[in-house]
Amino acid sequence: SWIIASAFVGVAIGLLSKSIKLSEGQFGKKEMVAFVIGNVVAHLIAWAGIAPVLDIVIYSEPIEKLFSQGAMAAVANILTSVIVGGLLAAAYAKTIAKKGSLDKE
């Protein structure tokens with residue numbers, strides 16, 4: 001069940017990356033806000049929703065325990081992906097030459 005939640009996060013972040021255009025070297029304020037919001041929403045849905053519900057359905061686990069674990073996983077994953085992922089995305093965007101930035105001599 002947690003692997004399904006991980007897959008959901010991967011697909012959601014993958015779809016988000018299409019709107020950010022990181023491969024074109026764009027990662028300004030607008031892209032950073034979209035990145036943060038997208039990560040927060042994807043992780044909350046996956047870890048506070050999908051994973052605990054599937055554990056209840058599949059394994060008949062106690063509800064209280066699962067939603068606590070899911071909330072902790074969501075917080076940890078949000079912090080990690082936003083901080084580390086944001087820094088990596090910003091660094092990567094700086095390495096891409098902007099369109100029209102090269103001059104012909």
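Report in % the part of the accessible area of the chain that belongs to carbon and sulfur, leaving out ligands and nucleic acids; probe 1.4 Å. C and S fraction of accessible area: 71 percent.
For the chain, the set of trypsin sites (Lys or Arg not before Pro) satisfying both a DSSP loop assignment and a count of at most 11 other C-beta atoms within 10 Å is given as LYS98, LYS99, LYS104.
Rounded to the nearest Hz, the phi-derived 3J(HN,Hα) couplings of the stretch 87-96 under the Karplus curve 6.51 cos²θ - 1.76 cosθ + 1.60 (θ = phi - 60°) are 5, 5, 5, 5, 5, 5, 4, 5, 7, 8, where x marks glycine and proline.
GNM on the chain, alpha-carbon springs under 10 angstrom: the most fluctuating residue among ILE58, ILE20, ILE50 is ILE58. Which residue fluctuates the most in the chain, going by a Gaussian network model with Cα springs under 10 Å, if the choices are ILE13, ILE56, ILE45? Looking only at ILE13, ILE56, ILE45, the biggest GNM fluctuation is shown by ILE56. Taken per residue, the accessible surface of the chain reaches 67 Å², heavy atoms only and a 1.4 Å probe.
The mean of 1/r over all distinct Cα pairs in the chain, once inverted, gives the Kirkwood hydrodynamic radius of 15.1 Å. Shown for the chain: lysine pairs separated by 8 or more places, or found on different chains, whose C-alpha atoms are under 20 Å apart, numbering 16.
Hey, what number do you get for the chain at 222 nm if only DSSP H runs of n ≥ 4 count, each worth -39500 (n - 2.57), divided across all residues, to the nearest 500?
Value at 222 nm, helices only: -25500 deg cm²/dmol.
Other residues with beta-carbon under 15 Å from the beta-carbon of VAL53 carry, at +1 per Lys or Arg and -1 per Asp or Glu, a net charge of -2. In sequence order, the stretch 18-32 has phi-based couplings of 5, 7, 7, 6, 5, 5, 9, x, 9, 7, x, 4, 4, 5, 5 Hz under the Karplus curve 6.51 cos²θ - 1.76 cosθ + 1.60, θ = phi - 60°, and Gly or Pro positions carry x.
Approximating the spin labels as points 7 Å out from Cα along Cα→Cβ, the VAL36-to-ILE13 distance works out to 1.8 nm.
When only Cα pairs under 8 Å and 6 or more residues apart are kept, what is the percent relative contact order across the stretch 1-63?
Working: 38 pairs, mean separation 31.7, N = 63.
Across the stretch 1-63, relative contact order equals 50 percent.
The values are calculated or read from the model by the stated rules, or taken from the named source; none is laboratory data. It should be emphasised that the depicted structure is a prediction, and the values quoted were computed from it without experimental measurement. A quick note on method: Cβ atoms are made from the backbone with ideal geometry, for glycine too, and the neighbour counts reach across all protein chains shown. The accessibility values were calculated without ligands, DNA or RNA, using every heavy atom of the protein model including side chains. Shrake-Rupley method; radii C 1.70, N 1.55, O 1.52, S 1.80 Å.
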